[in-house]
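*Asks:* This structure is in structure tokens; I'll ask about it shortly.
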Amino acid sequence: MASASAIATNTHSAAILMTTRIVLTVALSRVPAEGSLEVAIYDSPDESSKVKDLVEGEDYSYVQERNSILFESDQVPESQQYIKASYRIKSGT
């Protein structure tokens, strides 16, 4: 987990600021049909390298207002992994 800190001082006080929340947002190119979104993690672009299928609400969230997948700090995949989102396109969009 990444963190950043800064110290501000003067003759009367000191403050330490910590940033520990990292999120990852993945924008989708089209709006998925309800219930069709499937997200998985891979170690390489090769289909045979699938690490696991992800569960919405456990491993990620779908943010309808932004048409994106959101990974909270404890859900962000490893830096060298690939995220694959598959879905049917919502009709009328």
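The values are calculated or read from the model by the stated rules, or taken from the named source; none is laboratory data. These figures come from a predicted structure and were not determined experimentally. Using ideal geometry, Cβ is built from the backbone for each residue, glycine included, and neighbour counts are taken over all protein chains shown. Accessible surface is based on the protein model in full, side chains and every heavy atom, while ligands, DNA and RNA are left aside. Shrake-Rupley method; radii C 1.70, N 1.55, O 1.52, S 1.80 Å.
*Asks:* Report the net charge of residues surrounding residue 63, where surrounding means a beta-carbon distance below 12 angstrom and charges are Lys +1, Arg +1, Asp -1, Glu -1.
*Replies:* Net charge around residue 63: -2.
*Asks:* Additional query: For region 35-84, give the percent of accessible area contributed by carbon and sulfur heavy atoms, probe 1.4 Å, rounded to a whole number.
*Replies:* 41 percent
*Asks:* Related question: Measuring from label point to label point, each 7 Å out along Cα→Cβ, what is the residue 90 to residue 49 span in nm?
*Replies:* Rounded to a tenth, the inter-label distance reads 3.2 nm.
*Asks:* Follow-up question, since we're still on this one. Residue 82: net charge of surrounding residues, Cβ under 15 Å, Lys/Arg +1, Asp/Glu -1, itself excluded?
*Replies:* Summing Lys and Arg as +1 and Asp and Glu as -1 gives -4.
*Asks:* Same structure again: What is the sum of charges around residue 50, taking Lys and Arg as +1, Asp and Glu as -1, for the other residues whose C-beta is under 13 Å from the C-beta of residue 50?
*Replies:* Taking every other residue near residue 50 into account, the sum is -3.
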